[in-house]
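Asks: Sharing a structure here in structure tokens format.
The values are calculated or read from the model by the stated rules, or taken from the named source; none is laboratory data. Only a predicted model underlies this, so the values are computations on that prediction, with no experimental measurement involved. Methodologically, a virtual Cβ is constructed for each residue, glycine included, from the backbone with ideal geometry; neighbour enumeration extends over all protein chains shown. Please note that ligands, DNA and RNA were not included when accessible areas were found on the heavy atoms of the full protein model with its side chains. Shrake-Rupley method; radii C 1.70, N 1.55, O 1.52, S 1.80 Å.
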Amino acid sequence: METGGNSLPSGADGVKRKVCYFYDPEVGNYYYGQGHPMKPHRIRMTHALLAHYGLLQHMQVHKPFPARDRDLCRFHADDYVNFLRTVTPETQQDQLRQLKRFNVGEDCPVFDGLYSFCQTYAGGSVGGAVKLNHGLCDIAINWSGGLHHAKKCEASGFCYVNDIVLAILELLKQHQRVLYVDIDIHHGDGVEEAFYTTDRVMTVSFHKFGDYFPGTGDIRDIGYSKGKYYSLNVPLDDGIDDESYHYLFKPIIGKVMEVYKPGAVVLQCGADSLSGDRLGCFNLSIKGHAECVKFMRSFNVPLLLLGGGGYTIRNVARCWCYETGVALGMEVDDKMPPHEYYEYFGPDYTLHVAPSNMENKNSRQLLEEIRNKLLDNLSKLQHSPSVQFQERPPDTELPEADEDQDNGDERWGSDSDMDVDEDCKLVPSRVKREVVETDMKDLVVQKGTVEQGRGSMTDETGVDVSPMPIDEPTVKAE
């Protein structure tokens, strides 16, 4: 009997969820360099925990198709994508001007396989969006995604390609409104900027604010033009604990869901907001962090779960393993099963770690002021803005693989510029495996100069998803 992808009943709603999980076994091999805090190995550690806790057999497991040049160019500038594709550690000294122009070199180093890494994590996020669009799952997970700082023309904060923006663009083919929620300790600046002038995407970011990277995300930043009041920023101080965090998260997100009525939700689950993170300064427990996932799941709206930051890698793996269990509606044991990375989790070898006794600098008065201000902003929204759909872009094709004659290259078509590794062993055969095509053709968003009012404003992000009949674009092609 086929059980892959069917979760167990969870909480008061008792509704089963079908979960798709995207993972490429190569992702843990990419290496930012000695001393760099971003370690893709944490994704491999997370996967090992999922395997040994027995969670993989309850999900559909997919190896993502790598995103192609033209997929990435739905948001990113052509010359930036071309640079990422061609630069290597050996040739970078010959491209100093471009390194500076695209902000590549220090926080965002050139490393072996950089472009393949970008293609892999972006392919997982877009693949998840495609699955959701086709109604093939209720929740899609890509822990290698969530790189929310990348801009149209530059890398930032360890992020090169903004897989979140690309996934949201895919979701917008099917859904009039998409909600983006970010619980990384850093402000989700790249995603906010991309959709700052539209009401078709609402962005909500909970983050440390004040002398902290990237420096954006003031509570007064609320969106612009059609997007006014569709960006919400929740600025927080050091040491916030579970209770204080939920005091803001639940009423704000509850009101957003009531007023905005999104057709799909993207939740960036950056784990650097956990207590004890190497770069972070919050004091959330894993259960407290996962409570946000549980709360979003309770609305029973198509949900894309993505990774993000997280630099104490043993805790990142703990967190995302537990949150996968939450997505499935399965409680996982605190006692960790032996596995290949068991030694990372000593001396206790448990899934949960106690928060510290650090001071919570977020006073109740401050939290109330933030809560009241944001709820007031939400009261200024019209209930679920209407978007006229005179003609919808065609769905991304999603051919089902014939497991006896699985030829991934043919599914890309004759114009493919990517190779598919068919020999890569992913999971035991009892777990269903598919390959997803993410063609991303005919997006509702076009790059160019946005005409607004009497004057014209060049949209630095290159994204215009204003609520117009989509067969009458008002953007000029570049």
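Asks: Give the residue that is most open to solvent (accessible area, probe 1.4 Å), with candidates limited to residues of region 288-311 that are assigned to a loop (DSSP other than H, G, I, E, B) and over 26 Å from LEU172 (Cβ atoms). Don't jump to the end; show me each part of the working.
Replies: Keep residues of region 288-311 that are assigned to a loop (DSSP other than H, G, I, E, B), which gives 298-302, 307-311.
Checking the rest, the ones that are also over 26 Å from LEU172 (Cβ atoms) come to 310-311.
Values: GLY310: 0, TYR311: 19 Å².
Once the filter is applied, the top-ranked residue is TYR311.
Asks: It is to be established whether one or more residues within region 353-366 are free of Cβ contacts under 8 Å to residues at least 40 places away in the same chain and touching a Lys or Arg at 6+ places or on another chain (Cβ under 7 Å).
Replies: For region 353-366, residues free of Cβ contacts under 8 Å to residues at least 40 places away in the same chain and touching a Lys or Arg at 6+ places or on another chain (Cβ under 7 Å): absent.
Asks: Related question: Of all residues in region 75-87, how many are part of a loop (DSSP other than H, G, I, E, B) and either hydrophobic (A, V, I, L, M, F, W, C) or loosely packed, with under 15 Cβ neighbours inside 10 Å (or both)? Don't jump to the end; show me each part of the working.
Replies: Step one: of region 75-87, the residues part of a loop (DSSP other than H, G, I, E, B) are 75-77, 87.
From what's left, either hydrophobic (A, V, I, L, M, F, W, C) or loosely packed, with under 15 Cβ neighbours inside 10 Å (or both): 75, 77, 87.
The total comes to 3.
Asks: Still on this structure, I have one more. With respect to LEU72, is the statement that it is of a type outside the set (Ser, Thr, Tyr) and more than 21 Å from ILE168 (Cβ to Cβ) true?
Replies: Values: of a type outside the set (Ser, Thr, Tyr): yes; more than 21 Å from ILE168 (Cβ to Cβ): no.
Here the answer is no, as LEU72 does not meet what is asked.
Asks: Still on this model: Of everything in region 1-33, what is at pLDDT 95 or above and among the aliphatic types (A, V, I, L, M)? Give them in sequence order. Walk me through it before giving the result.
Replies: Step one: of region 1-33, the residues at pLDDT 95 or above are 18-33.
Scanning region 1-33 gives VAL19, VAL27.
Asks: Determine, yes or no, whether TYR121 is within 15 Å of the chain's Cα centre (by Cα), outside any loop (DSSP other than H, G, I, E, B) and closer than 27 Å to ILE219 by Cβ. Can you show your working first?
Replies: Working: within 15 Å of the chain's Cα centre (by Cα): yes; outside any loop (DSSP other than H, G, I, E, B): yes; closer than 27 Å to ILE219 by Cβ: no.
Against the criterion (within 15 Å of the chain's Cα centre (by Cα), outside any loop (DSSP other than H, G, I, E, B) and closer than 27 Å to ILE219 by Cβ), TYR121 does not qualify.
Asks: While we're looking at this one, here's another question. One residue is enough: does region 249-259 have a residue meeting the conditions crowded, with 24+ Cβ neighbours inside 10 Å, touching a Leu at 6+ places or on another chain (Cβ under 7 Å) and farther than 15 Å from ASP184 by Cβ?
Replies: No, the conditions are met nowhere in region 249-259.
Asks: I'd like the full set of residues that are in contact with a strand residue (DSSP E or B) (Cβ under 9 Å, 6 or more places away or on another chain) and over 18 Å from GLY346 (Cβ atoms), limited to region 317-328. Give the steps one after another, and end with the answer.
Replies: So in region 317-328, the residues in contact with a strand residue (DSSP E or B) (Cβ under 9 Å, 6 or more places away or on another chain) come out as 318-320, 323-324, 327-328.
Within region 317-328, TRP320, GLU323, THR324, ALA327, LEU328 meet the criteria.
Asks: Any chance you could count how many residues in region 101-118 are surrounded by fewer than 24 Cβ atoms within 10 Å (Cβ to Cβ) and in a helix (DSSP H, G or I)?
Replies: 4
Asks: So ARG97 fits all but one of (1) part of a helix (DSSP H, G or I); (2) in contact (Cβ under 8 Å) with a residue 40 or more places away in the chain; what number is the exception?
Replies: (2)
Asks: Turning to a different aspect of this structure: Being touching a Phe, Trp or Tyr at 6+ places or on another chain (Cβ under 8 Å) and either more than 25 Å from VAL316 (Cβ to Cβ) or at pLDDT 95 or above (or both) is the requirement here; does TYR53 meet it? Reasoning before the result, please.
Replies: Numbers: touching a Phe, Trp or Tyr at 6+ places or on another chain (Cβ under 8 Å): no; either more than 25 Å from VAL316 (Cβ to Cβ) or at pLDDT 95 or above (or both): yes.
No.
Asks: Let me ask you something else. Of the numbered conditions (1) in contact with a Phe, Trp or Tyr (Cβ under 7 Å, 6 or more places away or on another chain); (2) open to solvent by less than 40 Å² (accessible area, probe 1.4 Å), HIS41 fails exactly one; give the number of that condition.
Replies: Status for HIS41: all satisfied but (1).
Asks: Something else now. Regarding region 149-160, can at least one residue be identified that is within 15 Å of the chain's Cα centre (by Cα), among the hydroxyl-bearing types (Ser, Thr, Tyr) and over 30 Å from GLY329 (Cα atoms)? Even if it seems obvious, please write down each step before you answer.
Replies: Of region 149-160, the ones within 15 Å of the chain's Cα centre (by Cα) are 149-151, 157-160.
Of the ones still in play, those that are also among the hydroxyl-bearing types (Ser, Thr, Tyr) are 160.
Those still in the list that are over 30 Å from GLY329 (Cα atoms) too: 160.
Looking for residues that are within 15 Å of the chain's Cα centre (by Cα), among the hydroxyl-bearing types (Ser, Thr, Tyr) and over 30 Å from GLY329 (Cα atoms), one finds at least one in region 149-160, hence yes.
Asks: Is at least one residue of region 381-399 modelled with pLDDT of 95 or more and open to solvent by less than 70 Å² (accessible area, probe 1.4 Å)? Quick ask: steps written out before the conclusion?
Replies: Step one: list which residues in region 381-399 are modelled with pLDDT of 95 or more, which gives none.
No, that holds for no residue.
Asks: Now a separate question. Which residue pairs have Cβ atoms closer than 7 Å, lie 6 or more positions apart in sequence or on different chains, and pair a first residue in region 312-330 that is without any contact (Cβ under 8 Å) to a residue 24 or more places away in the chain with a second residue that is open to solvent by less than 10 Å² (accessible area, probe 1.4 Å)?
Replies: none
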